Each structure stands twice: as C-alpha cells, then as structure tokens.
Amino acid sequence: MGIDPLYLWIGIGFALVIAEVTMGNFILFFLGLASVCVGGAIWLGMPAGGGLPYLLFAGLAVFFLFGVRSRMPAFTVGDIAESTVDEDFIGRNATVESGFDEASPGRGRVNYRGASWDAQSSKQHLAVDELIKIIDRSGNNLIVDKEDS
C-alpha cells in the first residue's frame, strides 16, 4: 500500500518549508507552500491521479516565486551594511595564548571573543596572557600590537 497523495504533498511541502531555514532566500518556502496548496486541493476533492497535481504545483510555484517573492524584496534581499567587517576587530583587545617566543618570533595565537586566532606582530616577543590590541586583519590572521599603557 502506497502513501496517500494528500499526505505526500503536504509532507513534502512542510519539509521544504523547514529546509528554508538553512537557505534564507524564500525559494524553498514558496515551493513548500505550493506543495501544501496541492495537498489542500487534493483534500478538497481534486483528483490525485494523472498530471493535474503536478500542473497545479508548477503553476503555483511559478506564481509564488515570480509573483509573490518578487514583490517582497525587504524579506528576500539582505540589508546593505554601512560598515566594514573589520570594524568588529580593529581597535579591540585580545589576549596572547601562545607563540611570540624564540621558536616563533612575531607569530602566535591570540584569543579574541572566546575564539583562538592566528596572529602576527611587529613585536618579536609577547608574553602569554598579555593584553594586546588588534590593529588590522588579513583574512583569518589578526595583526596585533602591544596595548597602549
């Protein structure tokens, strides 16, 4: 015995809506909504056989994606950031975790906001647990200097 088409369409619809959480661009949401609508049409008496459910799904998907989604740019397009990503780093304090010693002069690991980062400094030696300042960032590498006293 197979799965009832009503439950199949609604199940696929809810799965797509839940999967939208990982996407965030309202494509899977509207495909899921179209699938749930097809399930609702079957529940209301539309024949589940033949190609009618697929045609209804395709029509609703096109309508939702191009008709509804395009009219809601505030939800589907991200805000433009007024600042740079580096502003969250530059000028902030970090703590030396390791390195900056004889074995690795000018290079080491620092802790910033609970995460460990590769870092480099013009100062060859920095002590572990020393408070330092982030002066620049290059990818995942922080450029640090001694904290001004």
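Scanning the stretch 86-96 for residues that are surrounded by 13 or more Cβ atoms within 10 Å (Cβ to Cβ) and out of contact with any Phe, Trp or Tyr (no Cβ under 9 Å at 6 or more places or on another chain), we see that the one that is farthest from ASN140 (Cα to Cα) is VAL96. Please work out which residue is farthest from TYR54 (Cα to Cα), limiting yourself to the stretch 12-29 and to residues that are assigned to a helix (DSSP H, G or I) and touching a residue at least 24 places away in the same chain (Cβ under 8 Å). Selected residue: ILE27.
Residues in the stretch 100-142 that are among the aliphatic types (A, V, I, L, M) and surrounded by 16 or more Cβ atoms within 10 Å (Cβ to Cβ): VAL110, ALA119, LEU126, ILE132, ILE134, LEU142.
Within the stretch 107-127, which residues are more than 19 Å from ILE90 (Cβ to Cβ) and modelled with pLDDT under 90? Within the stretch 107-127, GLN124, HIS125, ALA127 qualify. Sub-7 Å Cβ pairs linking a first residue in the stretch 94-106 that is in the same structural domain as SER122 (by TED's automatic domain parsing) to a second residue that is surrounded by fewer than 20 Cβ atoms within 10 Å (Cβ to Cβ) and among the β-branched types (Val, Ile, Thr), at least 6 apart or interchain, are VAL96/VAL128; GLU97/VAL128; SER98/VAL128, ordered by first then second residue.
The values are calculated or read from the model by the stated rules, or taken from the named source; none is laboratory data. In this text the structure is predicted, and so the values were computed from the model without any measurement. FYI the Cβ positions are ideal-geometry reconstructions off the backbone, even for glycines, and counts take in every protein chain you see.
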